Amino acid sequence: MNQQSPIQQSPAQQVGTAAELAVAADLCQRGLKLLAHQFRVPNLGEIDLIMASPSHVYVIEVKARTDQTR
């Protein structure tokens, strides 16, 4: 059986992923449906969240800060 090791994230990536999941949870509570998280687009990059309401699709970029002084 071929097991792949989990992808290791840097501390900054861990903060970013936690922020993305927090935003997704909040928006789900508000009635949106999560369609994709960390969606990879070849040659372009990554879309943090793709969410939908009955009438709209939202493409969301999440930015998180660890510095509380800003």
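The values are calculated or read from the model by the stated rules, or taken from the named source; none is laboratory data. Computed from a predicted model, the values in this text were never measured in an experiment. Ideal geometry is used to build each Cβ from the backbone, glycine not excepted, and the neighbour counts take in all protein chains shown. Each accessible area value is taken on the protein alone, full model and side chains, heavy atoms only, with ligands, DNA and RNA left out. Shrake-Rupley method; radii C 1.70, N 1.55, O 1.52, S 1.80 Å.
Taken per residue, the accessible surface of the chain reaches 84 Å², heavy atoms only and a 1.4 Å probe. Size check on the chain: the Cα extents along the three principal axes, sorted descending, read 43, 41, 26 Å. Seen from Arg40, the other residues with C-beta closer than 13 Å to its C-beta sum to a net charge of -2, counting Lys and Arg as +1 and Asp and Glu as -1.
Taking amide H atoms as placed 1.01 Å from N in the peptide plane, the amide H of Ala36 lies under 5 Å from those of Ile50, each 5 or more residues away in sequence or on another chain.
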